Structure formats: structure tokens, C-alpha cells
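Down below is the structure, laid out as C-alpha cells.
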């Protein structure tokens, strides 16, 4: 890329000229990851409905149990492997899994238990893989850089989320589900390559004299350190509560989506098309937001706006659903929530982790992004089912969802204030994570 192009990109998107190269690498990393995931996501949604909407809470519970099983393994890897290798080993493992699933689906394409296993596996893979990529960014960039770059890097995720369903629609006929899985595995390998180049860029432009050498060492500690860190730190615990409430509102809307889509579109092909259309609309809106609004809002108004705006919008969405529980209303609310999460919430909450110690960026963060998120999924799934069984009125569940979303907004406001205090202190050691190694950089 020529110097003139770098200057033009820097001016248009309000970043520093020397940040254009890492911006492109981060964007590429997320594009490849999300394109691979979103090729397979509509297939997962159709498999979930095929097992019966009334059984979704069992799939959510199975996903939570699988997440609990996976986290000690990731904790062991994060403790033993050099920081710069954590992402490569994690995504390499998932790529191997996809190749095995491709073989299994080629041999047994109609096996119901294989379909359920894939639904659960993809749900675990999604959160852990995305979380590890964001851990790398939180490790490589500081808060001032994050405010300029994170939302723009997330454009890669949104573009990947837009291209992925299109690739799935175009290629599922010629190559089948097994072929899509192999292609997704190849995109994961490309994700590893982009991440390695991003780390190499930071090695050439280190933030401190010992930074490069530190990333070549393992973090050490216990595989369960992430959970301990969250419980001992008010800031990390608040971040966990924020994610728990985010996931709870998602589950309330997800169950309504499954119920209303099943009623409006009985045919499975039509269901997959509906899910794919929603995905494309969401990603298109997210791209515009991330390119032109998120970074500027974060720099001028602060992270708090990113964390609070969407929850408040969803409060109104749940009230609207209580009054008019139709598919059209649900689709608009679901699109607003998901586009808002990609455009505002995700970049905002990832910025929070730039002010925590290094060990927490990997262990505590991934515990929150996986165990807390999927635990909320499982718990909220049963809560939603119980409310619908007892109340027999969808409006009751919508009102409960509105209360959860309001609490979600309040938690975001508290986190934004806490993050500003930590940033002003100028020391990540201000966060007490209860670990002797946590303050290492």
C-alpha cells in the first residue's frame, strides 16, 4: 500500500497513518473467521428448529456443558503456551474438528445426533474463537488505539458475516455441507496467518522494551484462574454481569424468533433463507455503523455510549413486542439488537479489556465470553420456557425481557465509569485479579 493511500485512509477513517497496516490485518483476521462461521450458521439454526422449538433449551444446556468441558482445556493451553501461540493452536484445533465433521457428514448426512453435536460444537467454537481473536487485540493495543481501531477492525467481522451466508447459499448445492465445513477450516487457517502478521507488526513497533519477549512466554497459573480472577475483581465481575444480561436478552429474542419463524415459514428451505436474509441485513447495517460512527462516538463521547445505547433500544423493542407479538416486529427488534451488538456493544466491551492485566485479557476474558455467556444461555432458556408455560402470554416474557435489558444498560453505565477511572490511573495493576502473575506485562 502506497503512502498516499495510507494517508487517504487515515484521513477518511480518523486514524493515524502508521495504524493503517495493523488495521488492515485485524480487519482481514475477522473477515476470514466470520466468513467461515457464517457459512455454517444458517445450517445450525435449521438444525435447531428440526429438533423441535420446544427442545431448544436442551441444546442450550448441552452447549453450556460442552463449554464447561472446553474451558479447562483452554485454560491449560493459555497457561502453558506462549501468548503469541495461543490463537494459532486454538484455531488449528477447531480447523481439525471441522475436517472431522466434514467426513462424518459425508458418511452419515441424516444422523440426528450428529446434527445436534454439530449445533453444540459450532455454538462453543463461535464464542471461543471470537474471544481469542479479541484477546490478541486487547493484548496488542492500548485504549487510545482501541478507540480508533477496534470498530474498524470489526468491519471485517461484519463483511465476513455478510459474505459467509452468500457463499453458503451459492456453494451448498455444488459441495454440500461437508464441503462448506472444509472451506471453513481453510478460512480458519487464513485467520491464523493474519493474526501472526499482526503480532509481527507489533514486534516491529513495541509498546515497551520487554513486550515482545513477554509475548514469547506462557502466562502460567492455573487452568481455572479465569474464574478466580472474575470473582475477585469488581470490574471483571461487572463485565461478567454485563455479558450475562446481554446473553439473556438474546435468548428471549432467539426463542421468539424460532417460534415465529416456525409458524410463518413451515418449510426448512424457507427457514434457512429467512435466517440468511436476517444475517445479511444485520451485517450490512453493522458495516455502516462500524465504518462511520462507532470509532468517532468512542473518541468523542466515550465507551459508555457504546455500552448503554443498544440495551436502552432493546427495552423499547421488548415493550413493542409485548404490544404487537408478530414476526415483522420481532425481525426489526432482532435486527436492531444484533446490528447494535456488532456495531456498538462488541467493540465497546472489548475496549474494556485494554485496561486489565495481561493474564485477565486471556483467561478471565475467555471465561466471561464462553462459560458466563453460555451459562446465561442455558439458565435463560429454562427461564423463558417456564414463563411461557406458566403465563401462557408472550407479553409477560417480553416485559421480563425489558426489565433485563434495563439492568443491562445500568451495568454498562457502571462499567464505563470504572473503565475511565482505571484508564486515568495509568496502571493496569489497579485491577485486582487475585493472581500473582496478573500484573505482568
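The values are calculated or read from the model by the stated rules, or taken from the named source; none is laboratory data. Worth saying up front: this structure is predicted, and the values here are computed from it rather than measured. Here the Cβ is made from the backbone with ideal geometry for all residues, glycine too, and neighbour counts use every protein chain on show.
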_Here are the criteria: (1) crowded, with 16+ Cβ neighbours inside 10 Å; (2) modelled with pLDDT of 80 or more. Tell me which single one residue 223 does not satisfy._
(2)
*asked:* If the requirement is being within 17 Å of residue 344 (Cα to Cα) and assigned to a helix (DSSP H, G or I), which of these qualifies: 115, 178, 151?
replied: 151
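For the subset of region 354-367 comprising residues that are within 14 Å of the chain's Cα centre (by Cα) and under 24 Å from residue 144 (Cα atoms), which member is surrounded by the fewest Cβ atoms within 10 Å (Cβ to Cβ)?
Within region 354-367, the match that is surrounded by the fewest Cβ atoms within 10 Å (Cβ to Cβ) is 366.
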*With respect to residue 325, determine if the residue is in contact (Cβ under 8 Å) with a residue 40 or more places away in the chain and not in a helix (DSSP H, G or I).*
yes
_Flag for residue 291 being part of a helix (DSSP H, G or I), surrounded by fewer than 19 Cβ atoms within 10 Å (Cβ to Cβ) and in contact with a helix residue (DSSP H, G or I) (Cβ under 8 Å, 6 or more places away or on another chain)_ = yes
*Among 216, 302, which is under 26 Å from residue 405 (Cα atoms) and touching a residue at least 40 places away in the same chain (Cβ under 8 Å)?*
302
*Would you mind stating whether residue 131 is closer than 26 Å to residue 301 by Cα, surrounded by fewer than 24 Cβ atoms within 10 Å (Cβ to Cβ) and in contact with a helix residue (DSSP H, G or I) (Cβ under 6 Å, 6 or more places away or on another chain)?*
yes
*Output yes when any residue across region 202-212 is farther than 20 Å from residue 138 by Cβ and surrounded by fewer than 18 Cβ atoms within 10 Å (Cβ to Cβ), and no when none is.*
yes
_Criterion: outside any helix (DSSP H, G or I) and at pLDDT 75 or above - qualifying residue of 20, 15_ = 15
*Could you tell me whether residue 30 is buried (at least 21 other Cβ atoms within 10 Å of the Cβ), modelled with pLDDT of 75 or more, within 19 Å of the chain's Cα centre (by Cα) and under 23 Å from residue 143 (Cα atoms)?*
yes
_Every residue from region 43-62 that is part of a helix (DSSP H, G or I), at pLDDT below 80 and within 18 Å of residue 124 (Cβ to Cβ)_ = 43, 44, 45, 47, 48, 56, 57, 58, 59, 60
*Determine which single condition residue 258 fails, assuming it passes every other condition in (1) closer than 25 Å to residue 373 by Cβ; (2) not in a helix (DSSP H, G or I).*
(2)
*Identify, please: which residue in region 368-427 is out of contact with any helix residue (DSSP H, G or I) (no Cβ under 9 Å at 6 or more places or on another chain) and within 16 Å of residue 251 (Cβ to Cβ) and is, among those, surrounded by the fewest Cβ atoms within 10 Å (Cβ to Cβ)?*
389
*Given the conditions (1) surrounded by fewer than 20 Cβ atoms within 10 Å (Cβ to Cβ); (2) touching a residue at least 60 places away in the same chain (Cβ under 8 Å); (3) closer than 30 Å to residue 143 by Cβ, and given that residue 263 satisfies all but one, which numbered condition is not satisfied?*
(3)
*Looking for whichever is closer than 23 Å to residue 71 by Cα and part of a helix (DSSP H, G or I) here; the options are 316, 375, 343. Which one fits?*
375
